1. For ASP90, work out the one condition from (1) in contact (Cβ under 8 Å) with a residue 40 or more places away in the chain; (2) closer than 25 Å to VAL53 by Cα it doesn't fulfil.
2. Scan the stretch 110-120 and tell me whether some residue there is over 17 Å from the mean Cα position of the chain (by Cα) and surrounded by 14 or more Cβ atoms within 10 Å (Cβ to Cβ).
3. Which of the residues belonging to the stretch 30-57 are exposed (fewer than 15 other Cβ atoms within 10 Å of the Cβ) and more than 21 Å from GLN124 (Cβ to Cβ)?
4. Tell me whether the stretch 19-40 contains one or more residues that are in contact with a strand residue (DSSP E or B) (Cβ under 6 Å, 6 or more places away or on another chain), part of a loop (DSSP other than H, G, I, E, B) and over 21 Å from SER136 (Cβ atoms).
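Throughout, read-outs are computed from the coordinates displayed, never taken from laboratory work. Predicted model only: the values in this text are computed from it and were never measured. Heads up, the Cβs are rebuilt from the backbone with ideal geometry, glycines too, and the neighbour counts pull from every protein chain shown.
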Amino acid sequence: MTVIDNDDNLPPEFLTNDECVELAETMVKKYRIAMKDRSFSIHASVKDKGVYVTVLLSNKDQSYYYPVDARLVFAAEEMEPREAALFLIDYIDTYFEEYLYEEDEQIYLPIDWTDHEYEAFTFQMKGQIINKKIESMADQWLAQAEAAQNSSN
């Protein structure tokens, strides 16, 4: 389970990399029946006055790659960064519960940031399922075709 490390400049009370790993492992256990060959990873960061969280559901070869991103302006919502990150992770967890168990993976988020409101807090979310394996193969094929085109000119 790969988790991108948090920014080094974050206050010590923000989520640590170990906490992100532990939360992701908890989600894997919670959804073990629906996991197939996939796993979760979590990344959380603070940028300016916003907290950004990505919960990624993916398989090893990345032919299934589903990052769910959420952001929240913590000062406007009168939250501390850690509290905001945990709130967003909790909400994304609720989304995956519905996605994996109730909707048979047929409920999708918009690919652009959209407003959401939960427990009187306003935040934005987006998500898109990607086949990174196919995209990589396509990029490689296009690069080879371009190189062949350039060598024949």
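1. Going through the list (1) in contact (Cβ under 8 Å) with a residue 40 or more places away in the chain; (2) closer than 25 Å to VAL53 by Cα, ASP90 breaks only (1).
2. Filtering the stretch 110-120 down to residues over 17 Å from the mean Cα position of the chain (by Cα) leaves 117-120.
Narrowing further to those that are surrounded by 14 or more Cβ atoms within 10 Å (Cβ to Cβ): none.
No: zero hits.
3. Residues of the stretch 30-57 that are exposed (fewer than 15 other Cβ atoms within 10 Å of the Cβ), as a first pass: 32-33, 36-37, 47-49.
Once the filter is applied, which keeps residues that are exposed (fewer than 15 other Cβ atoms within 10 Å of the Cβ) and more than 21 Å from GLN124 (Cβ to Cβ), the stretch 30-57 yields ARG32, ILE33, LYS36, ASP37.
4. So the first thing to find is which residues in the stretch 19-40 are in contact with a strand residue (DSSP E or B) (Cβ under 6 Å, 6 or more places away or on another chain), and the list is 20, 23-24, 27-28, 37-38, 40.
Checking which are part of a loop (DSSP other than H, G, I, E, B) leaves us with 37.
After this cut, where a residue has to be over 21 Å from SER136 (Cβ atoms) as well, the list is none.
No, the stretch 19-40 contains no residue that is in contact with a strand residue (DSSP E or B) (Cβ under 6 Å, 6 or more places away or on another chain), part of a loop (DSSP other than H, G, I, E, B) and over 21 Å from SER136 (Cβ atoms).
Conditions (1) closer than 24 Å to ARG32 by Cα; (2) loosely packed, with under 11 Cβ neighbours inside 10 Å; (3) of a type in the set (A, V, I, L, M, F, W, C), marked per residue:
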| position | (1), (2), (3) |
| --- | --- |
| TYR91 | yes, no, no |
| THR122 | no, no, no |
| GLY127 | yes, no, no |
| ASN131 | yes, no, no |
| ALA138 | no, no, yes |
| ALA143 | no, yes, yes |
| GLU146 | no, yes, no |
| ASN150 | no, yes, no |
